[in-house]
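One structure is given here, and the rest of the page talks about it.
Derivation of every value follows stated rules applied to the coordinates shown; laboratory data play no part. Just so you know, these numbers come straight off a predicted model, no measurement behind them. Glycine gets a Cβ as well: all are built from the backbone with ideal geometry, and neighbour counts include every protein chain shown.
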Amino acid sequence: MDRHDEYALADRFNLNEWKRIYKYVIPYKKHVYMLLFAAVGTGIFDAIFPMMTRFAITNFIEAKTLNGIWLFVAAFLALALIQLYFNVIYTQHAIRIEMGVGRDMRYDLFSHVQELSLDYFNATPVGFILARIMSDTQSLGAIFSWQLSAFAWNLAYVLSAAVNMFILSPPLATAVLLTIPVVALLAGKFQKKLLVLNRIARKQNSVVTAGYNENINGAVTIKELDCRHRINGEFADINGEMRRKAFAAKRVEMIFFPCIMVVSSGALAFVLGMSPVMVNKGALDVASLAVFISYTFTLLDPIETITRTFSRIMGLQANVERVNSLLDAAPTVTDRADVVEKYGDIYNAKKENWEEIKGDIEFRDVSFKYPDSEKYVLENFNLKIKAGTCVAIVGATGAGKSTLVNLVCRFFEPTSGQILIDGVDYRERSYLWLQSNLSYVLQTPHLFSGTILDNIKYANPDATMEQVIDAAKQAQAHSFIEKLPEGYNTEVGQGGDKLSTGQKQLVSIARAILAKGKILVMDEATSSVDTQTEQMINGMTDQLLKDRTSFIIAHRLSTVKNADVIIVVDEGKIIEMGNHRQLLRAEGHYYRMYTGQWEEKRQDEFFRNLHNDK
Ligand SMILES: Nc1ncnc2c1ncn2[C@@H]1O[C@H](COP(=O)(O)OP(=O)(O)OP(=O)(O)O)[C@@H](O)[C@H]1O
Ligand SMILES: [Mg+2]
C-alpha cells in the first residue's frame with residue numbers, strides 16, 4: 001500500500017490498528033452503551049409490529065369482534081411512542097459520539113502535526129496530512145456512531161424476526177432464513193467490488209479536480225502560450241476517463257439491486273407457494289402467513305445494510321492505518337532528554353537556565369542531504385562567523401543558499417558534522433532557545449490570517465503600538481499600511497492572500513525587526529519589492545543589522561554590497577569569500593556576476609531612455 005495514496009485499500013483487516021483508534025471512543029463509552037441499547041431496542045420493536053398485525057387479524061378480524069380494540073390501539077400507540085423515544089436517544093448519542101470522537105482525533109492529529117519537524121512535511125504531501133485531519137477523522141467518527149448503530153439495529157431486527165418466525169412455523173422459518181446466507185454472500189461480493197470501483201472513481205475525480213485547479217491557476221500562462229487546444233484535449237481525456245470509471249461503479253449497482261430483488265421475490269414466491277399447503281394442513285394460520293410475508297419483504301434490506309457496514313469498516317482499514325502512521329511519525333529535530341531536562345520544553349521552558357546568546361556561528365564539517373533525497377546538498381562545509389557579522393550569500397539558483405540558512409535555523413539538522421553557536425553544538429541547547437533568538441524572513445513569506453498588527457507582533461506579542469510602527473517604518477511597510485482602509489487593523493486573509501507578495505515581504509521584515517533575534521536571516525527578503533523601496537530598506541539596514549549576526553541572501557547584488565563578508569556558493573561549496581571590494585578586485589565569479597548585472601541594468605536604462613525619447 002502506498003502510504004500517501006488516499007485511495008489505496010488495505011490488504012487485510014487488522015484489529016490491532018483499530019484498537020489504537022478505539023481509545024478515542026473510551027471517553028464516550030456511556031454514549032455508546034446508550035446508543036446500542038436504543039438501536040437494539042428499535043430493532044426488536046420493529047420486529048414486533050408484524051406480530052401486532054397478526055394479533056389484530058386473529059382477535060378482531062377472524063373473531064369478528066371489536067372487543068378490546070381500544071386496549072389494542074393504546075398498546076400500539078405506546079409501542080410507537082417507545083419507538084420514537086428510542087429514536088431520539090439514538091440520534092442524540094450518535095451525534096455526541098460522532099462529533100466527540102471526530103473532534104478529539106482532529107485535535108490530537110493537529111497538535112501532533114505541530115510538533116513534527118520540517119523534514120516530515122518535506123517528504124509528505126500537504127494533501128495527505130489534511131485528508132487525515134479532516135476527512136478520516138470524520139469517517140471514523142461516523143463508524144463508531146451511525147455505522148455501529150445501524151449494524152446493531154439491523155442485526156437486532158433480523159434476529160428478532162427469526163425468533164418470531166421460528167415460534168410461528170419452524171419449517172417455513174428455515175426456508176425463509178435460508179435465503180439470508182445467499183443474500184449476505186451476494187451482497188458481500190458486490191459491496192467489495194463496489195468499494196474498489198468507487199475508490200477508483202473518486203481517485204479519477206481528484207485527478208479531474210487537480211486538472212481544473214492547475215489550469216485555472218495557470219490560466220494566464222495558458223493564454224499566453226496559446227496552448228488552449230492541447231489543454232482542452234488533455235482535459236477531455238481525463239474527464240472522459242472519469243465518466244467511464246464512475247459508470248463502471250454505477251453498473252455494478254445496477255446489477256446488484258435487481259439480483260437482490262430476484263432473491264427476495266424468490267423467497268416470497270416460495271412462502272406464497274408453500275402457504276396454501278400449510279394452511280390447509282392446519283400447520284399455519286392466515287394471520288401468521290401475513291407475518292411471514294411482511295418479514296420476507298423486509299428482511300433483505302437489513303441484511304444488505306449489515307454487509308454494507310461491514311465492507312465500509314473493511315474499506316476504512318487503510319485510513320485507520322494512515323491515521324496511526326501520522327500519529328506515529330516522530331519529530332526528528334527534537335531535543336535530547338538531558339537537554340529537555342536542563343532547558344525545559346514548550347510546556348515548561350526553564351528560561352532561567354538559558355544562556356545569553358552572543359551570536360558566533362560555526363559550520364564544522366557539515367554535510368547535509370534532504371531526508372527524502374539521496375544527493376548531498378552540502379559536503380564537508382566549513383564556515384566560521386563572528387557575532388555581529390553580516391554575511392551575504394550569493395550564488396546560482398539551486399546552489400544551496402536556502403539550505404544553509406535552513407540549517408542555521410535548525411529547521412533541519414546536519415546529516416553529519418556540527419553547527420556551533422557560541423562554540424556549542426546547537427543540539428546541546430534547546431530548540432526553543434534558538435528559535436527565540438532568531439528572526440527570519442523566508443523566501444516564501446508566510447502571513448497568518450488575522451490583521452497586519454497581529455502579524456507584525458507575532459513573535460513579540462507584548463510590543464507596544466509605537467514599537468510596531470517603528471518596526472514597520474524601518475521595513476518601509478508603514479506607508480503602504482497607512483493607506484489601507486483600516487490601517488494596521490486590516491485583515492490580511494488566509495496566508496496573507498490579500499496583500500501583494502512584496503507587501504507580504506515588507507510585513508515579514510517588520511515582524512523580523514520587532515522579533516529582535518540575535519540572529520537574523522533574510523532569504524530573498526526583498527525579491528518582490530520594487531528597487532526604490534528595496535534601496536530604502538537597504539538604507540535602514542545598518543540599524544537593522546546592528547548587534548546581530550545576519551545572513552542575507554539576495555539575487556540583486558546591490559543589496560549585498562555592504563555586507564561584511566560575501567560568500568559565493570556553488571553546488572554546496574564556497575567558491576569565493578571576501579567583501580565587495582576584495583571580490584571585485586579578484587575578478588572571479590562575483591566580479592562576473594556583478595558586472596553582468598550592472599551591464600544588464602545599463603542596457604535596461606539605455607532602452608528605457610530610448611523608448612522615452614521616442
Ligand atoms: N525541501 C527540499 N527537499 C529536497 N531537496 C531540496 C529541498 N530544498 C532544496 N532542495 C535541493 O537542494 C538544492 C539546494 O536548494 P536551495 O533551496 O538551498 O537552493 P538556493 O540556492 O536557495 O536556490 P534559489 O536561489 O533558487 O532559492 C537544490 O538542488 C534543491 O533541489
Ligand atoms: Mg533559496
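Numbers below:
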read-out	value
HN-Hα J in Hz across the stretch 41-46 - Karplus 6.51, -1.76, 1.60, θ = phi - 60°, x for Gly and Pro	x, 4, x, 5, 5, 3
Arg12-Gln138 FRET efficiency (beta carbon distance; Förster radius 25 Å; 0.05 resolution)	0.55
Nearest-0.05 FRET efficiency for Leu66 and Phe166, computed from C-beta distance (R0 25 Å)	0.20
Cβ crowding within 10 Å averaged over residues, with 175-187, 116-128, 34-46 ranked highest first	34-46, 175-187, 116-128
Projected label distance in nm at Phe247 and Asp530, using a 7 Å step from Cα toward the beta-carbon	5.6 nm
Positive-end residue, the stretch 352-470 charge dipole about Cα centroid, Cβ charges, pick of Ala396, Phe381, Thr451	Ala396
Unit charges on C-beta of K, R, D, E only; dipole of the stretch 138-256, Debye	240 debye
Sequence of Ile567, Ile513 once ranked by neighbouring C-beta atoms within 10 Å, starting from the fewest	Ile567, Ile513
Ranked by how many other beta carbons lie within 10 Å on average, peptides 85-91, 99-105, 278-284 from highest	99-105, 85-91, 278-284
Aspartates and glutamates whose Cα lies under 18 Å from that of Lys29, excluding same-chain neighbours fewer than 8 positions away	Glu98, Asp104
Sorted by Cβ neighbour density within 10 Å, fewest at the top, the residues Val323, Val158, Val113	Val113, Val158, Val323
Cross-link partners of Lys350 among lysines (Cα-Cα below 21 Å; sequence separation of 8 or more within a chain)	Lys342, Lys358, Lys516, Lys518
Packing-based ranking, highest mean first, of 538-545, 308-315 given that Cβ atoms within 10 Å are counted	308-315, 538-545
Distance between modelled label sites at Gln418 and Lys29, nm, 7 Å Cα→Cβ extension	5.2 nm
Distance from the stretch 507-559 to the stretch 204-272 (C-alpha centre basis), Å	51 Å
Residues Ile537, Ile509, Ile357 arranged by fewest to most Cβ contacts within 10 Å	Ile357, Ile537, Ile509
Taking the chain and dividing mean pair separation by its residue count, relative contact order in percent (alpha carbons under 8 Å, at least six apart)	14 percent
Computed magnitude of the charge dipole of the stretch 521-596 (debye, nearest 20; Cβ of K, R +1, Cβ of D, E -1)	240 debye
Neighbourhood charge, 14 Å Cβ-Cβ cut-off, centred on Val182 and excluding it, Lys, Arg +1 and Asp, Glu -1	0
Neighbour-limited loop hits for GluC sites (Glu not before Pro), the stretch 385-487 (at most 11 other Cβ within 10 Å; DSSP other than H, G, I, E, B)	Glu486
Spin-label pair Asp301/Thr209, simplified geometry with 7 Å Cα→Cβ offset, distance in nm	3.2 nm
Structure-based [θ]222 nm, the chain - -39500 (n - 2.57) summed over DSSP H runs of at least 4, per residue, nearest 500	-20500 deg cm²/dmol
Net lengthening on full extension, Lys19/Ala337 (0.36 nm per residue, minus Cα-Cα)	111.5 nm
Sequence-distant residues sharing a close amide H with Phe551 (under 5 Å, placed H)	Val391, Leu520, Val521, Met522
